[in-house]
Amino acid sequence: MTGIKIDGLEVAKNVKQEVSEIVKKLSEQGITPCLATILVGNNSASQTYVRNKHKACEEVGIITQDHQPSEDITQKKLNELIDSLNDDASVHGILLQLPLPNELNEFEATSRILPEKDVDGLTPHNVGLLSIGSSILKPCTPSGIIEMFDYYKISLEGKNVVIINRSNLVGKPLYHLLLQRNSTVTTCHSRTLNLQEVCKNADIVISGVGDRDKFTLTSDMIKENAIVIDVATTHYDGKLKGDSDFDEIISKASYASPVPGGVGPMTVAMLLKNTITAATLSKGIDI
Ligand SMILES: NC(=O)c1ccc[n+]([C@@H]2O[C@H](COP(=O)([O-])OP(=O)(O)OC[C@H]3O[C@@H](n4cnc5c(N)ncnc54)[C@H](OP(=O)(O)O)[C@@H]3O)[C@@H](O)[C@H]2O)c1
């Protein structure tokens, strides 16, 4: 008995289609959504992520600005760049690619982005709104996971959900989004005791560790017919992998998402969605 693959590429395609239609409607009103990205230095993984984001924008008709200051940029100069994009009315969304080089303060830089242009949903203002259930621009990876559940009509109401991750990017915002859907949420991390027992009780396990030397989610850790979402991306055995081996997990799970082709495409799709939301908000229109 094998479960159903949660196909992130298919769900992302659906979101992109929706975004393209809204971009057309916006253009009829003379608005061209624009995303500005800032990539400091030449971290090759970050370069790939930013390139993919630009390509996805192009596919749906969102225009982009590509800012690539060198890694010795000062905090002051980075802040000035962010301020200039905040002031530029033609820019609707600003994405600061993380991580920044060690000399720069990520919190200071992220906090400087105007909340209404914060398409990553990571400014303190938007994090606060998320925690009280009032956010509009939500972090892309967690909201992409919720979108996957909705697409497959997986009800979250009353479900026991275990998240293995407590980062600001993934686990914490996901906790709030799931709570808003009336799930019972348990957040696990590197100090959690008896992780296997905690997972065995879960209807849904969402795993985002990203280090196979420390952790692998195996089928003996989940209950029969559980749903598994694998957020992690790590290079292991020369391949891009998640925390679990899809073929093994799907033999016991009712649904599971693979890596690659699961959460990754959703993160990009939700960035596009946030950018058009920011563009519509900036013009005070409702599409
Ligand atoms: N597909 C996508 O679009 C996407 C987006 C974002 C992230 N990711 C991937 O998701 C993974 C996590 O990203 P992140 O930024 O959240 O990383 P992170 O900040 O390093 O978070 C990793 C989490 O795993 C926990 N952990 C570490 N070892 C563990 C263990 N042995 N048992 C249980 N929990 C353990 C950590 O616990 P502590 O807090 O105690 O250290 C932490 O909460 C990475 O592989 C990243 O590439 C993918």
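Nothing in this text is a laboratory measurement; each read-out follows from the coordinates by a stated rule. Because the structure is a prediction, the values reported are computed rather than measured. Don't worry about glycine lacking a Cβ; one is built from the backbone with ideal geometry, like all the others, and counts go over all protein chains shown.
Here are a few things to note about the model shown:
- Straight-distance candidates among the lysines for linking to residue 53, with alpha-carbon spacing under 21 Å and chain neighbours fewer than 8 residues away dropped: 13, 16, 24, 117, 138, 241, 273.
- Helical content of the chain, expressed as a calculated mean residue ellipticity at 222 nm, amounts to -13000 deg cm²/dmol (DSSP H runs of 4 or more residues, -39,500 (n - 2.57) each, divided by residue number, nearest 500).
- Taken about its Cα centre, region 30-116 carries a charge dipole of roughly 220 debye when the Cβ of each Lys and Arg holds +1 and the Cβ of each Asp and Glu holds -1.
- Applied to region 10-21, the Karplus parametrisation 6.51 cos²θ - 1.76 cosθ + 1.60 on θ = phi - 60° returns per-residue 3J(HN,Hα) values of 5, 5, 5, 4, 4, 5, 5, 4, 4, 5, 4, 5 Hz, with x for Gly and Pro.
- DSSP bridge orientation in region 140-263 - percent antiparallel, rounded to nearest 5: 15 percent
- Inter-label distance, nm, simple model (7 Å from Cα along the C-beta direction), residue 190/residue 45: 1.5 nm
- Summing Lys and Arg as +1 and Asp and Glu as -1 over all other residues whose Cβ lies under 12 Å from the Cβ of residue 75 gives a net charge of -2.
- Between residue 225 and residue 237, the modelled labels are 3.0 nm apart [label points 7 Å from Cα along Cα→Cβ].
- Geometric descriptor of the chain, per residue, is 130 Å³ (volume of the convex hull of the Cα atoms).
- Selected from 33, 99, 115 as most flexible by GNM, with the chain as the system and alpha-carbon contacts under 10 Å: 99
- Interchain or long-range residues, amide H under 5 Å from residue 95's placed H: 36, 37, 38
- R0 of 22 Å, Cβ-Cβ distance residue 197-residue 4: FRET efficiency to nearest 0.05: 0.25
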